[in-house]
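Chemist: Could you have a look at this structure, given as structure tokens, before my questions?
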Amino acid sequence: MKVLVPVKRVVDFNVKIRVKPDNSGVDLANVKMAINPFDEISVEAAVRLKEAGQATEVVAVSIGPAKAEETLRSALAMGADRAILIETDDTVEPLAVAKILKCVADTEKPGLIIVGKQAIDDDSNQTGQMLAALLGWAQATFASKIELGDQKAAVTREVDGGLQTIEVKLPAVVTTDLRLNEPRYASLPNIMKAKKKPIEKRIAADLGVATAPRLKVLKTEEPATRKAGIKVTSVGELIEKLRSEAGVL
Amino acid sequence: MAILLLAEHDNRTLSDQTARALTAAREIGSEIHVLVAGKDANAAAGEAAKLAGVSKVLLADSDALANNLAEPLAALIVSIAGGYDTIIAAATASAKNVMPRVAALLDVAQVSEIIAVVSPDTFKRPIYAGNAIQTVQTTDAKKVITVRAAAFQPSDAGGSVAIEAVQAAADPGLSSFVKDAISSSDRPELTSAKIVISGGRALGSSEKFKEVILPVAEKLGAAVGASRAAVDAGYAPNDWQVGQTGKVVAPQLYIACGISGAIQHLAGMKDSKFIVAINKDADAPIFQVADYGLVADLFDVLPEFEKAL
Ligand SMILES: Cc1cc2nc3c(=O)[nH]c(=O)nc-3n(C[C@H](O)[C@H](O)[C@H](O)COP(=O)(O)OP(=O)(O)OC[C@H]3O[C@@H](n4cnc5c(N)ncnc54)[C@H](O)[C@@H]3O)c2cc1C
């Protein structure tokens, strides 16, 4: 069974972004970029399935600028076999990403698509669910455990009250949550090897998918900031402040 | 045209988050139908029927809807979507699961986790862990929206409207429920509690977490939260995680114990009314958002705090 893993190039999670002074967006000039952390978890999950003999091939796919090739190289260095880059410099909303991924899935015919539950830039948490809808497949979101069976998978999901286990028919879309695994660091030899692995490149516009944004971004602003308060020196003082000043106890 | 509000419930009771999403819905339009989809969910539907501002409650009852599986629930919503121009829900785990599926089936965008309604088609939503706020306008004929419940006050009870049965759509039969491991406790819900006390990596073990954090929570009638580090390490269950990729809370009082204050954690709690930070590192970033900071070893001060309450 082939596993398809979409990966997104995003601002590194350690970077505190800045809003442009004219409120036209977020300043991404010279900002450190990285693979979306949830996608790293997806790649790890797929590679482990291959190592366990449950998957035959791991294909990473990214939709984004030419530089997303670096993101695909990270996935290849972790153990993906080959990659597909669908190039575009436009903003692609989750629905458009899902439509492009559906095109890729239609030709690649994977048995499983493992998608990060959320990209840490737009925080949408939509793509996997939308892809499952467009393909008419089952979805198992927020996975903390995946067990493959015959033509089916049991997936444990992180939900608001705790955990839920469901069984989905394959092919299916699974989205990954933080506890699914701890992604490996790519070793130097694997980083070198990844440089030779094939990346197929296509232009998004050639796929015949309507990708025009449906949302108009009117402005992007700084959030309201909190100002630091005071330091108290004892538990007694803390309780006194909470009672008389804040009135919350 | 009317608004369809998908209810969050456990068949018996309606979540407070739905009453909060209702407040957002009422800023968008006035004809609001609440969809309660489940199995034997009459009690939850009854609660929805009492909320002020609701025009009608739709109750869909079927085995396939018992466990919030995405495919049958999305099929149901899409089957009645023709009568609505807005489909909205609180951004709970189950709504985050199903709403994008609905949006894609309707070929429209979803606006995730709105924190303000600017006009019926324009909303504010946080991006980059809340470090920027976008104002977005939808251009689709139908709007699919999830609401960050912590950003809205709950609508009060006050009405009493009719409950109408709707037919569940055919179950696509793609997935099935196996089991739940739902934690039960007498403590308030994390997302609606007035006070939240959270523990971080500093707690060191689940035993210590229980021993040090829970008695204070008990005394304060507080809900318990945790940082990702504490959840990853197994000190606290996953449903306690507060942050960008966990739950977002905005209680009257948030007490962060042994939590450094990474942006991903702040994303989930920085709209709390008052923040207390207890941390032994005076330079921990959490102090930059805390109203009251106590530089101390939490293992010393939390038992003292508990006794003094
Ligand atoms: C994709 C992604 C998503 C994430 N999502 C979230 C999220 O939703 N929520 C979240 O919380 N994090 C999230 N994180 C993780 C986040 O970046 C931090 O790693 C995490 O919040 C740190 O947890 P912590 O503060 O408990 O641990 P640490 O950063 O290790 O801080 C521990 C703190 O405890 C203090 N301390 C130690 N001993 C004591 C003592 N005895 N008494 C008092 N203080 C003490 C230390 O001074 C330190 O400040 C995410 C990260 C990524 C990459």
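Chemist: So, in region B:161-184, of the ones that are at pLDDT below 95, farther than 21 Å from B:Ala81 by Cα and assigned to a loop (DSSP other than H, G, I, E, B), which residue ends up nearest to the other protein chains (Cβ to nearest Cβ)?
Modeler: So, considering only residues that are at pLDDT below 95, farther than 21 Å from B:Ala81 by Cα and assigned to a loop (DSSP other than H, G, I, E, B), the one nearest to the other protein chains (Cβ to nearest Cβ) is B:Ser183.
Chemist: Anything in region A:213-246 that is free of Cβ contacts under 8 Å to residues at least 60 places away in the same chain, in a loop (DSSP other than H, G, I, E, B) and more than 7 Å from chain B (Cβ to nearest Cβ)? List them, or say none.
Modeler: A:Ala224, A:Thr225, A:Lys227, A:Thr233, A:Ser234, listed by residue number.
Chemist: Do you know which residues across region B:185-206 are within 16 Å of the ligand (Cβ to nearest atom), within 12 Å of chain A (Cβ to nearest Cβ) and farther than 14 Å from B:Trp240 by Cα?
Modeler: none
Chemist: Determine which single condition B:Glu306 fails, assuming it passes every other condition in (1) within 7 Å of the ligand (Cβ to nearest atom); (2) touching a residue at least 40 places away in the same chain (Cβ under 8 Å).
Modeler: (1)
Chemist: Scan the strands (runs of 3 or more DSSP E) fully inside region A:74-154 and keep the ones with 1 or more residues being of a type in the set (Phe, Trp, Tyr), touching a strand residue (DSSP E or B) at 6+ places or on another chain (Cβ under 8 Å) and at pLDDT 95 or above.
Modeler: A:138-148
Chemist: Starting from residues that are under 22 Å from A:Pro223 (Cα atoms) and not in a loop (DSSP other than H, G, I, E, B), keep the ones in region A:7-40 and report whichever is farthest from the ligand (Cβ to nearest atom).
Modeler: Looking at the filtered set, the residue picked out is A:Val19.
Chemist: Every residue in region A:1-25 that is within 26 Å of B:Arg228 (Cβ to Cβ) and charged (D, E, K, R), please.
Modeler: Of everything in region A:1-25, those that are within 26 Å of B:Arg228 (Cβ to Cβ) and charged (D, E, K, R) turn out to be A:Lys8, A:Arg9, A:Asp12, A:Lys16, A:Arg18.
Chemist: Return the total of residues in region B:286-309 being assigned to a helix (DSSP H, G or I) and not hydrophobic (A, V, I, L, M, F, W, C).
Modeler: 6
Chemist: If we scan region B:208-223, do we find a residue that is within 21 Å of the chain's Cα centre (by Cα), small (Gly, Ala, Ser), within 12 Å of another protein chain (Cβ to nearest Cβ) and buried (at least 17 other Cβ atoms within 10 Å of the Cβ)?
Modeler: Yes, because at least one residue in region B:208-223 is within 21 Å of the chain's Cα centre (by Cα), small (Gly, Ala, Ser), within 12 Å of another protein chain (Cβ to nearest Cβ) and buried (at least 17 other Cβ atoms within 10 Å of the Cβ).
Chemist: Another question, then. Kindly indicate whether A:Leu170 is over 20 Å from A:Met130 (Cα atoms), surrounded by 14 or more Cβ atoms within 10 Å (Cβ to Cβ) and touching a strand residue (DSSP E or B) at 6+ places or on another chain (Cβ under 9 Å).
Modeler: In short, no.
The values are calculated or read from the model by the stated rules, or taken from the named source; none is laboratory data. It should be emphasised that the depicted structure is a prediction, and the values quoted were computed from it without experimental measurement. Note that we place each Cβ from the backbone using ideal geometry, even for glycine, and neighbour counts take in every protein chain shown.
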